Amino acid sequence: MAETSSTIAGWLSFAVTTVGLGSLITQASAINEKMDPFHANRSAEYLGIWFQRQTAFPWWKIGKPPPRGPIIIAKLDEGFCGTNAIHASRVPLTAPGMAGWTVLLSILHPEAPSPPHSSTISLAESAKKGAPTTTTTELSSASANSASWHFLASKPLVRHRNSACIQISRTSLITLMILTNARPVFQYSDAAGVRAGYASYSGQWYITWPIGQEAFVTFAAHDSHKVATDVYPLSFVQRVDRCVQMLAGVVSGPGLQVAFCGRKSPGRWVLDYAAKGFPGAHGSRHLYNMMGGKVYEVDFLFARNYERETKYAPPEDNNFPVLTLPSTEKGQDVLMTVPRKEEEMIKHALDCLPWTSLSWSIHRGMRDILVAYAKLVMDKHREGLARILKDTVKTKPHKLDARGWNPQFVRENMGDMATSAILAGSGNSGDLVRVVTDIMLVSAGIDELAGLDECNWWRGNTDELTSAGVIALTKLFVLEWSNEFDYQMYHDLPISLFFG
């Protein structure tokens with residue numbers, strides 16, 4: 001009997017111990033979560049290249065400091081983390097983590113990744129050397145270093161939901177979105193809070209701000225492209241200041257700093273130039289200030305409704321251009337009269353449009369006016385411009401190879417793609433904009449983007465398609481293919497957001 005009791009007690013003790021250990025094991029993740037809220041966010045899978053930059057600490061330490069992430073600031077007057085000219089790629093060039101900010105830093109780079117392709121020689125040169133051409137893209141260690149942003153200052157990450165986040169300002173967020181050529185896909189702002197999704201050339205942006213909670217933004221790379229099979233060059237240059245100016249509807253150049261009014265309600269309007277009038281304008285002025293722009297230096301083209309304000313009505317015997325523009329109400333138009341002085345401002349602005357390799361996230365009022373004014377001239381030269389670009393591909397394919405384009409793609413597809421894009425008149429494809437603008441760079445033989453920011457064609461003779469005219473019309477083509485972006489979206493956002 002005593003032996004039986006001892007056996008039962010032993011088994012009961014074993015069962016209790018087993019249950020206790022099982023309970024501890026099942027509670028392990030909860031205990032880890034309590035002891036270290038960032039337990040699930042410390043891995044290389046989550047932090048990507050930033051895993052290697054974490055401070056080492058002894059395994060036996062109970063208390064662990066939060067992991068660290070980069071400080072990201074992006075504005076007109078500060079550039080992206082102090083750099084104005086950014087090399088952007090369509091897909092991540094280094095293995096990103098799960099956090100959206102690691103994905104962003106793998107598609108924005110302080111230097112041009114190199115080599116642009118594992119083979120950048122022409123087909124003819126390859127045949128002479130007996131070497132096979134290849135479409136495989138490989139990154140050198142230099143490319144990985146240039147994409148790493150190793151010099152950025154860092155600070156502790158903040159835990160939000162299941163993410164380890166950096167904090168960014170709303171102005172930085174807007175700047176990052178337009179650098180990647182974002183456009184709205186959906187936007188909801190109601191009693192439950194704010195939700196929005198934006199497609200961009202380099203990925204998808206998502207913003208959520210539930211009522212009573214913190215605003216959260218994330219960024220995901222596209223799942224439709226791969227570095228190894230991409231026939232485009234790895235990267236292209238984006239200038240932070242120019243992207244912000246085009247969003248705010250500001251064009252600057254020698255002797256020119258002018259901002260454009262926004263889209264208007266249906267009716268009859270007239271443009272009215274006001275020297276240094278931007279500080280008194282409604283619309284993008286406040287965003288331009290927030291971005292670090294000097295609003296007080298900028299002139300403004302007001303739109304005056306002369307049906308309501310008769311003092312702005314143009315003379316009855318005038319022969320001023322009248323532009324038919326989209327209005328804020330679908331299916332109805334704005335008739336915009338352009339007096340002589342304001343017409344000269346438009347011509348100057350067209351000549352001083354900044355150069356870009358990608359379409360803009362743009363101020364729609366400025367795009368409406370400039371495209372409508374230039375349309376007749378563009379249509380007159382559209383076929384000639386398309387022919388010049390196609391001939392450039394035929395005669396200088398090796399120069400496009402050297403810029404990183406796939407040699408087979410250059411010879412079989414590029415010329416026809418450029419022609420179809422120019423003749424289409426409008427569209428929404430960053431890829432086609434990159435095709436057209438890179439061919440034009442080869443045609444013009446100019447590598448410095450600033451050298452293309454000003455030409456003197458619209459203010460001169462637009463009857464002849466000169467080399468300056470090719471540059472001017474290519475910049476107009478980019479406007480035709482650019483995406484509208486709401487420069488007042490900051491109203492729906494808090495001053496800072498969690499980026500995870």
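The values are calculated or read from the model by the stated rules, or taken from the named source; none is laboratory data. Everything numeric here is computed off the predicted structure, so don't read it as measured data. Because the Cβ atoms are built from the backbone with ideal geometry, glycine has one as well, and the counts that use them run over all protein chains shown. To get the accessible areas, we keep the full protein, side chains included, count just its heavy atoms, and leave off ligands, DNA and RNA. Shrake-Rupley method; radii C 1.70, N 1.55, O 1.52, S 1.80 Å.
Phi-derived couplings, Karplus 6.51 cos²θ - 1.76 cosθ + 1.60 at θ = phi - 60°, listed residue by residue for the stretch 410-420: 4, 7, 9, 10, 5, x, 5, 4, 5, 4, 5 Hz, with x used for Gly and Pro.
Full extension of the chain between ARG195 and ASP333 gives 46.6 nm of extra length, using 0.36 nm per residue less the Cα-Cα distance.
In whole Å, how far is the Cα centre of the stretch 234-278 from that of the stretch 379-432? Using only Cα atoms, the two centres lie 28 Å from each other. For the stretch 328-361, the residues whose amide N sits under 16 Å from a probe point set 7 Å from the Cα of HIS225 along the beta carbon direction are 357-361. The stretch 315-354 and the stretch 68-94 have their alpha-carbon centroids 36 Å apart. The share of accessible area on the stretch 326-419 that comes from carbon and sulfur is 50 percent, using a 1.4 angstrom probe. Note on surface exposure: ARG382, ARG183, ARG195 rank ARG195, ARG183, ARG382 by accessible area, highest first, 1.4 Å probe. The modelled label-to-label distance for the pair LYS311/ASP299, using points 7 Å beyond Cα in the direction of Cβ, is 2.2 nm.
Taking each residue as 0.36 nm, the span from ALA424 to GLU111 lengthens on full extension beyond its C-alpha to C-alpha distance by 109.3 nm. Among the lysines of the stretch 261-394, pairs that are 8 or more positions apart or on different chains and have alpha carbons within less than 18 Å of each other number 7.
What the stretch 344-431 shows is 37 Å² of accessible area per residue, with the surface traced by a 1.4 Å probe over protein heavy atoms. Loop-located trypsin sites (Lys or Arg not before Pro) across the stretch 223-256 with a Cβ neighbour count of 12 or fewer within 10 Å are LYS226, with loop assigned by DSSP.
Here the accessible area of the stretch 141-241 is 53 percent carbon and sulfur, with a 1.4 angstrom probe and all protein chains present. Using a ≥ b ≥ c from the Cα gyration tensor of the stretch 321-371 (square roots of the eigenvalues), is it rounded, prolate or oblate, where a/c under 1.5 gives rounded and otherwise the larger of a/b and b/c decides, a/b for prolate? It is oblate, given that a/c is not under 1.5 and a/b is not larger than b/c. Modelled label positions at ASN84 and GLN408, each set 7 Å beyond Cα in the direction of Cβ, lie 4.1 nm from each other. Each label was represented as a point 7 Å from its Cα along the Cα-to-Cβ direction; for HIS39 and LYS375 these points are 6.3 nm apart. Taking every DSSP beta bridge that has both ends in the chain, the antiparallel portion is near 85%.
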